[in-house]
Amino acid sequence: MAQVIVENVYKSYSQSQRERTNPSQSVDDGRAETANFSGKSQQVSVLRDINFTVKDGEFLVLVGPSGCGKSTLLRLLAGLETLTGGNIKISDRLVNDLPPKARDIAMVFQNYALYPHLNIYDNIAFGLRRTNKFEQKNDAEAGIQTVLTDVLTAATRNLPRGMRYMSAKEKSIRDRVRYVASLLQIEPLLYRLPKELSGGQKQRVALGRAIARNPQVFLMDEPLSNLDAKLRTQTRAQIVKLQRQLKTTTIYVTHDQTEAMTMGDRIAVMNNGKIQQIASPLEIYNRPANRFVAEFIGSPPMNFLSVEIVGNNKLVHQHFELDLPPVWSSSLQSIQSKSLTLGIRPQYLSLTSPGKSSIQIEVDLVEALGNETYVFAHLAADRNATLTVSLPSDKPITVGDMLWLKVNIDKIHLFTIDDGQAIAF
């Protein structure tokens with residue numbers, strides 16, 4: 001097993017400025033797009049200043065919206081993309097210029113990437129047959145052995161499976177495939193073709209092919225996105241269990257925050273090619289580094305309202321006031337701007353009676369989930385200020401109801417207006 005070190009990694013692509021005229025398309029201001037035949041190209045930055053270390057045996061999840069650069073980062077680790085700048089080390093070995101096969105990693109893809117003409121046994125064994133882990137050490141003996149093996153294999157290929165010649169290397173591969181199949185509970189599937197399997201079974205085979213190689217690092221690129229909700233939950237738990245059993249360093253890419261929160265030892269939240277925060281799941285949930293992280297992690301997402309600081313212990317909105325606990329005083333003294341963004345998660349809003357610190361809302365939509373009810377609403381005095389509230393399911397609520405809400409003041413978050421950074425206390 002190994003640790004992975006990513007140091008000051010940058011990735012950019014050259015993008016041609018040449019554009020073709022298309023009268024049927026127009027830009028946002030209504031003008032037709034015109035061609036630029038200068039032939040020049042510009043660098044488009046995809047990843048910037050990426051730094052982190054994945055400890056030996058750790059499960060790190062890269063999470064972020066589509067286009068944030070998480071899959072590109074994974075491909076850089078795998079050697080499928082070329083670095084623009086920085087260093088990548090696996091087990092203290094610099095791998096910047098090494099091809100993928102020399103990095104001792106295994107990657108699980110979103111689309112399974114199984115060979116359709118090979119049965120499951122041969123799919124799992126495919127990578128093992130192309131490595132040197134089972135080769136003879138003596139070159140001369142290995143050459144003779146290879147010739148004899150090829151002759152005997154060809155001569156017995158059409159015989160029943162139990163009568164075919166099997167070399168020492170192939171026996172080792174067979175044992176490894178059977179071990180992996182038992183680990184993933186896919187022994188009955190070994191002699192089927194991929195087209196005869198369900199989505200969940202295909203994903204287990206893809207995992208098996210990665211596990212069989214016994215790599216130093218697993219790289220997984222959204223492996224569950226093609227599965228239905230129930231199967232995704234089951235497979236998610238199985239991956240976590242396997243990773244803990246194998247203790248293999250794992251880097252997992254997803255855009256699903258539920259996967260990130262439930263699977264990772266740590267989470268790296270990415271946006272616009274940069275890591276916004278890297279910490280344990282609960283640390284990211286309870287103490288987000290900025291407004292983006294606070295909004296992205298959590299379902300339903302955090303609510304945000306603009307407020308003003310009065311003194312060091314009061315937040316004032318046009319329609320309500322909140323008295324802050326004393327722990328905020330020292331943090332707010334150093335804030336130059338008096339305008340802030342108040343963040344509060346839906347579950348920390350509760351029904352209450354009218355008052356100066358209460359928020360009046362009008363209900364726009366109700367989603368009853370059985371164990372809880374999501375209420376989507378706007379402030380009664382401001383239709384542009386929206387709130388989402390998570391309430392117990394025992395109180396009937398309908399569209400158009402006027403409700404008063406109480407804020408759990410111990411669970412609020414404050415962010416600066418200009419750059420959205422969190423204010424810690």
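The values are calculated or read from the model by the stated rules, or taken from the named source; none is laboratory data. Everything numeric here is computed off the predicted structure, so don't read it as measured data. All Cβ positions, glycine included, derive from the backbone under ideal geometry; neighbour counts span all protein chains shown.
Quick rundown of the values:
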| quantity | calculated |
| --- | --- |
| Residues satisfying the stated conditions in segment 101-127, i.e. surrounded by fewer than 16 Cβ atoms within 10 Å (Cβ to Cβ) and farther than 24 Å from Asn226 by Cα | Lys101, Ala102 |
| Answer residue from segment 143-184, given it is under 17 Å from Gly127 (Cα atoms) and among the acidic types (Asp, Glu) and is modelled with the lowest pLDDT among those | Glu170 |
| Boolean, Ile397 is in a loop (DSSP other than H, G, I, E, B), surrounded by 15 or more Cβ atoms within 10 Å (Cβ to Cβ) and either at pLDDT below 95 or of a type in the set (A, V, I, L, M, F, W, C) (or both) | yes |
| Cross-chain or 6+ apart pairs with Cβ under 7 Å, segment 126-155 first and among the small types (Gly, Ala, Ser), then modelled with pLDDT under 75 | Ala142/Glu135; Ala142/Gln136 |
| First in segment 236-256 and under 15 Å from Asp104 (Cβ atoms) and touching a residue at least 60 places away in the same chain (Cβ under 8 Å), second anywhere and buried (at least 17 other Cβ atoms within 10 Å of the Cβ) and aromatic (Phe, Trp, Tyr), Cβ under 6 Å, 6 or more apart | Thr248/Phe218; Thr250/Phe59; Thr250/Phe218 |
| Single match in Val363, Val389 (criterion: under 16 Å from Leu349 (Cα atoms), β-branched (Val, Ile, Thr), in contact with an Asp or Glu (Cβ under 6 Å, 6 or more places away or on another chain) and surrounded by 13 or more Cβ atoms within 10 Å (Cβ to Cβ)) | Val363 |
| Filter pass, Leu365 being assigned to a strand (DSSP E or B) and either at pLDDT below 90 or more than 32 Å from the chain's Cα centre (by Cα) (or both) | no |
| Top-ranked residue in segment 162-177 [being hydroxyl-bearing (Ser, Thr, Tyr) and in a loop (DSSP other than H, G, I, E, B); ranked as surrounded by the fewest Cβ atoms within 10 Å (Cβ to Cβ)] | Tyr165 |
| Top-ranked residue of segment 79-93 - restricted to ones that are in contact with a strand residue (DSSP E or B) (Cβ under 6 Å, 6 or more places away or on another chain) and surrounded by fewer than 19 Cβ atoms within 10 Å (Cβ to Cβ), ranked as nearest to Phe218 (Cα to Cα) | Lys89 |
| Residues (of a type outside the set (Lys, Arg) and at pLDDT below 90) located in segment 90-125 | Asp92, Phe109, Gln110, Asn111, Tyr112, Ala113 |
| Complete set of residues in segment 302-323 that are assigned to a loop (DSSP other than H, G, I, E, B) and over 20 Å from Lys406 (Cβ atoms) | Gly311, Asn312 |
| Selection from segment 265-322 of residues that are among the charged types (D, E, K, R) and within 28 Å of Phe376 (Cβ to Cβ) | Arg287, Arg291, Glu295, Glu308, Glu321 |
| Index of the failed condition, Lys230 passing every other in (1) surrounded by fewer than 22 Cβ atoms within 10 Å (Cβ to Cβ); (2) basic (Lys, Arg); (3) under 26 Å from Gly79 (Cα atoms) | (3) |
| Unmet requirement for Thr156, which otherwise passes all of (1) touching a Phe, Trp or Tyr at 6+ places or on another chain (Cβ under 7 Å); (2) on the phi > 0 side of the Ramachandran plot | (2) |
| From the options Ala181, Ala155, Ala206, residue that is loosely packed, with under 14 Cβ neighbours inside 10 Å and assigned to a helix (DSSP H, G or I) | Ala155 |
| Any pair with Cβ under 7 angstrom, 6 or more apart, that starts in segment 73-102 at a residue that is within 22 Å of Lys274 (Cα to Cα) and ends at one that is of a type in the set (A, V, I, L, M, F, W, C) and loosely packed, with under 14 Cβ neighbours inside 10 Å | Asn87/Leu94 |
| Filtered residue count, segment 400-425, keeping only those that are of a type outside the set (Phe, Trp, Tyr) and part of a loop (DSSP other than H, G, I, E, B) | 10 |
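Per-residue answers, yes or no, for (1) part of a helix (DSSP H, G or I); (2) modelled with pLDDT of 95 or more; (3) touching a Ser or Thr at 6+ places or on another chain (Cβ under 6 Å):
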{"position": "Thr258", "(1), (2), (3)": "yes, no, no"}
{"position": "Ile267", "(1), (2), (3)": "no, yes, no"}
{"position": "Met270", "(1), (2), (3)": "no, yes, no"}
{"position": "Gln276", "(1), (2), (3)": "no, yes, no"}
{"position": "Glu283", "(1), (2), (3)": "yes, yes, no"}
{"position": "Pro288", "(1), (2), (3)": "no, yes, no"}
{"position": "Phe292", "(1), (2), (3)": "yes, yes, no"}
{"position": "Gly298", "(1), (2), (3)": "no, no, no"}
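For every residue, the table says whether it meets (1) surrounded by fewer than 18 Cβ atoms within 10 Å (Cβ to Cβ); (2) in contact (Cβ under 8 Å) with a residue 12 or more places away in the chain; (3) farther than 18 Å from Ala424 by Cβ.
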position: Pro281; (1), (2), (3): no, yes, yes
position: Ile284; (1), (2), (3): no, yes, no
position: Ala294; (1), (2), (3): no, yes, no
position: Ile297; (1), (2), (3): no, yes, no
position: Phe304; (1), (2), (3): no, yes, no
position: Gly311; (1), (2), (3): yes, no, yes
position: Val316; (1), (2), (3): yes, no, yes
position: Leu324; (1), (2), (3): no, yes, no
position: Arg345; (1), (2), (3): no, yes, no
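So that you can scan it fast, the table gives a plain yes or no per residue for (1) acidic (Asp, Glu); (2) out of contact with any strand residue (DSSP E or B) (no Cβ under 7 Å at 6 or more places or on another chain); (3) farther than 16 Å from Val61 by Cα:
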residue: Gln201; (1), (2), (3): no, yes, yes
residue: Val205; (1), (2), (3): no, yes, yes
residue: Gly208; (1), (2), (3): no, yes, yes
residue: Ala212; (1), (2), (3): no, yes, yes
residue: Val217; (1), (2), (3): no, no, no
residue: Leu227; (1), (2), (3): no, yes, yes
residue: Lys230; (1), (2), (3): no, yes, yes
residue: Asp265; (1), (2), (3): yes, no, no
